[in-house]
Amino acid sequence: MQLRKTALTLALASALFAADATVEKAKKQIAAKQYDEAITALEGAYKSNPKSAEVKKTLSEAYLAKGDSMMYDNSLPPRQKYPGALRAYRQVLQYDKENKKAQEGINTIEGIYKSMGRPVPQ
């Protein structure tokens, strides 16, 4: 029984250490504007440890940064930036339901589509 408990503790500690390393690497990737790479790594860590608050928080930060980078990229045409930013902002809310900035981004983009009389992308 004690051996099983020790093994479980070691497995949990190993998973937490791996998640911490992934989070640290992802934060550096976000700072370097490598959003897709950070998101891919973090989603893998999230699947391994869905209860990790740090992974969820960093995932929401990565999606928010991706959404903002698309939304405010003047080199992207509206038909590219708005649907992409909208998807990213919606993903933020998957991990952080209370994120006001993502909700504001969604409201802004949906308002743009409605003002043009166009359907809002899903």
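Just so it is clear, none of the values below were taken in a lab; they were calculated from the coordinates. Bear in mind that the values here come from a model prediction, so they are computed numbers and not experimental data. In this analysis, Cβ positions are derived from the backbone assuming ideal geometry, glycine residues included, and neighbour counts consider all displayed protein chains.
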>> Which order do the peptides 83-90, 103-110, 58-65, 40-47 come out in when sorted by mean C-beta neighbours inside 10 angstrom, highest first?
In response: 58-65, 83-90, 40-47, 103-110
>> If packing is taken as the average number of other Cβ atoms within 10 Å across a peptide's residues, how do 72-82, 29-39 rank, most packed first?
In response: 29-39, 72-82
> So, in nm, how far is label residue 40 from label residue 20 when the simple model puts each one 7 Å beyond its Cα toward the Cβ?
Replying inline: 2.6 nm
> According to a simple spin-label model (label point 7 Å from Cα along Cα-to-Cβ), what is the distance in nm between residue 32 and residue 94?
Replying inline: 2.4 nm
